[in-house]
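Participant: Structure below; questions to follow.
The values are calculated or read from the model by the stated rules, or taken from the named source; none is laboratory data. All figures in this text were calculated on a predicted structure; none of them were measured in a lab. Cβ: placed from backbone, ideal geometry, glycine included. Neighbour counts: every protein chain shown. These area figures cover heavy atoms from the full protein model, side chains too; ligands, DNA and RNA do not enter into them. Shrake-Rupley method; radii C 1.70, N 1.55, O 1.52, S 1.80 Å.
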Amino acid sequence: MKTKKIYGIILSAGLSGRMGKFKPLLSYRGKSFIQNIVLKLGEVCDKVIIVTGFKPEEIGANIRQLNAACNIEFAFNRDYKKGMFTSLQAGLRKTGSCDWIFYHFVDQPGLPGKFYTDFTGQIDEEHNWIQPKIKEQKGHPLLIKSDLCQIILNAPLNSNLRAISNDPKVNKKFWECGYAEIFQDIDTEEDYSKLN
């Protein structure tokens, strides 16, 4: 039984310009990137919020093909061309009263299911920002406590999480995780060809 209410946010709003193909719908192990992530987040999250911008109808249709048991909601970011931070803000506006946000990029479909349970197992009362790392290299996704939501929402559209992370209210925990997939970043056709 989960003691904390966790909402997942998947950023799926961008143009996929460098890839040349629409990343959320690229295939990975028989499902689209977005389907893979929704299913795994659904195992640890009470709700999964998919932030769309470019081609929202295609993402919606793709998710409707999925027999997902989890609660799924969509957030449309009209400012998606202004960058990733605006999509995080759009997703946070839909979170309401949860305890933690599981912040996930759409181009990390390869994280194994066990990562999600191990990562949420790192939640504690002392920190409000939890990030996986291997040695000194930090990766994604992130767990962000709800007390940071208003700081992010109040920031200008052109801000970023690096700037937010320097706020004195942020108390970070870095988890030595052992999952190399935290560095997955499928931006180009070459990156995609290396995905197994």
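Participant: Starting from the Cα-Cα distance between ASP187 and ASP167, subtract it from 0.36 nm times their residue separation and give me the gain in nm to one decimal.
Facilitator: Full extension from ASP187 to ASP167 adds 4.3 nm.
Participant: Starting from region 46-126, pick out the GluC sites (Glu not before Pro) whose DSSP state is loop and whose Cβ has at most 12 other Cβ atoms within 10 Å.
Facilitator: Counting only loop positions with at most 12 other Cβ atoms within 10 Å, the GluC sites (Glu not before Pro) in region 46-126 are GLU125, GLU126.
Participant: Could you work out the helix-only [θ] at 222 nm for the chain, with each DSSP H run of four or more residues adding -39,500 (n - 2.57) and the total divided by the number of residues, to the nearest 500 deg cm²/dmol?
Facilitator: Result for the chain, helices only: -6500 deg cm²/dmol.
Participant: Subtracting the Cα-Cα distance from 0.36 nm times the residue separation, let me have the gained length for LYS138 to LYS21 in nm, one decimal.
Facilitator: 39.4 nm
Participant: Now, a different point. Once phi is turned into ³J(HN,Hα) by the Karplus curve 6.51 cos²θ - 1.76 cosθ + 1.60 with θ = phi - 60°, what whole-Hz value does each residue of region 10-22 show in order, with x for glycine and proline?
Facilitator: 10, 7, 9, 10, x, 7, 6, x, 6, 6, x, 10, 6
Participant: For Cα pairs less than 8 Å apart in space and 6+ apart in sequence, what is the mean separation divided by the residue count of region 1-49, i.e. the relative contact order in percent?
Facilitator: That works out to 50 percent.
Participant: Taking amide H positions as placed in the peptide plane 1.01 Å from N, state which residues far from VAL106 in sequence (5 or more) or on other chains have amide H under 5 Å from it.
Facilitator: Here LEU11 satisfy the definition.
Participant: If amide hydrogens are placed 1.01 Å from N in the peptide plane, which non-local residues have theirs closer than 5 Å to the one on LEU142?
Facilitator: TYR103
Participant: Enter the accessible area per residue of the chain (Å², integer; probe 1.4 Å; all protein chains in place).
Facilitator: Heavy-atom accessible area per residue stands at 50 Å².
Participant: Sticking with this one: Give the share of C-alpha pairs in each 5 angstrom bin for region 9-52, from 0 to the last occupied bin, in whole percents, shortest bins first.
Facilitator: The distribution over region 9-52 is 5, 23, 28, 24, 14, 5, 2, given as percents.
Participant: What shape does region 133-188 have by the C-alpha gyration tensor, where a ≥ b ≥ c are the square roots of the eigenvalues, rounded means a/c under 1.5, and otherwise prolate means a/b greater than b/c and oblate the rest?
Facilitator: Taking the square roots of the gyration eigenvalues as a ≥ b ≥ c, region 133-188 is oblate.
Participant: Which of PHE105, PHE174, PHE33 ends up with the largest GNM mean-square fluctuation for the chain, with Cα atoms connected below 10 Å?
Facilitator: PHE174
Participant: Something else: Is the chain best put as rounded, prolate or oblate by its Cα gyration tensor, with a ≥ b ≥ c the root eigenvalues, rounded for a/c under 1.5, and otherwise prolate when a/b is larger than b/c, oblate when not?
Facilitator: rounded
Participant: What full-extension length gain, to one decimal in nm, is calculated for SER97 and PHE74 as 0.36 nm per residue of separation minus the Cα-Cα distance?
Facilitator: Separation in residues times 0.36 nm, less the Cα-Cα distance, equals 6.6 nm.
Participant: What ³J(HN,Hα) values, in whole Hz, does the Karplus curve 6.51 cos²θ - 1.76 cosθ + 1.60 give for region 181-195 when θ = phi - 60°, with x put for Gly and Pro?
Facilitator: 5, 5, 9, 4, 8, 8, 9, 10, 4, 5, 4, 5, 5, 8, 6
Participant: Among the lysines, which have Cα under 19 Å from the Cα of LYS40 when same-chain residues fewer than 8 positions away are ignored?
Facilitator: LYS2, LYS4, LYS5, LYS23, LYS31, LYS114
Participant: My understanding is that a pair violates if its Cα-Cα distance is over 26 Å; which of LYS47/LYS173; LYS81/LYS133; LYS55/LYS173; LYS133/LYS194 do that in this structure? It would help to have the intermediate numbers written out before the result.
Facilitator: Working: LYS47/LYS173 24 Å; LYS81/LYS133 29 Å; LYS55/LYS173 35 Å; LYS133/LYS194 21 Å.
With Cα atoms farther than 26 Å apart: LYS81/LYS133; LYS55/LYS173.
Participant: Calculate, for MET84 and GLU125, the FRET efficiency according to 1/(1 + (r/R0)^6) with r their C-beta to C-beta distance and R0 22 Å; round to the nearest 0.05.
Facilitator: Working from the Cβ atoms, E equals 0.15.
Participant: If you roll a 1.4 angstrom probe over the protein chains with everything in place, what fraction of the accessible area of the chain belongs to carbon and sulfur, to the nearest %?
Facilitator: In the chain, the share of accessible area belonging to carbon and sulfur is 47 percent.
Participant: So what is the relative contact order of region 46-196, in percent, for Cα pairs below 8 Å that sit 6 or more residues apart? Write down the numbers at each step before the final one.
Facilitator: On the way: 191 pairs, mean separation 36.2, N = 151.
Across region 46-196, relative contact order equals 24 percent.
Participant: Per residue of region 71-87, in order, report the coupling 6.51 cos²θ - 1.76 cosθ + 1.60 (Karplus, θ = phi - 60°) as ³J(HN,Hα) in whole Hz, putting x for Gly and Pro.
Facilitator: Result, rounded to whole Hz: 7, 10, 9, 10, 10, 8, 9, 5, 9, 4, 6, 8, x, 4, 4, 5, 6.
Participant: Further, regarding this structure: How high is the relative contact order of region 6-135, in percent, with contacts defined as C-alpha pairs under 8 Å that are six or more residues apart?
Facilitator: In percent, rounded to a whole number, it is 35.
Participant: Rounded, prolate or oblate: pick one for region 46-151, where a ≥ b ≥ c are the square roots of the eigenvalues of its C-alpha gyration tensor, a/c under 1.5 means rounded, and failing that, prolate if a/b is larger than b/c, else oblate.
Facilitator: Details: a/c = 1.58, a/b = 1.36, b/c = 1.16.
Prolate.
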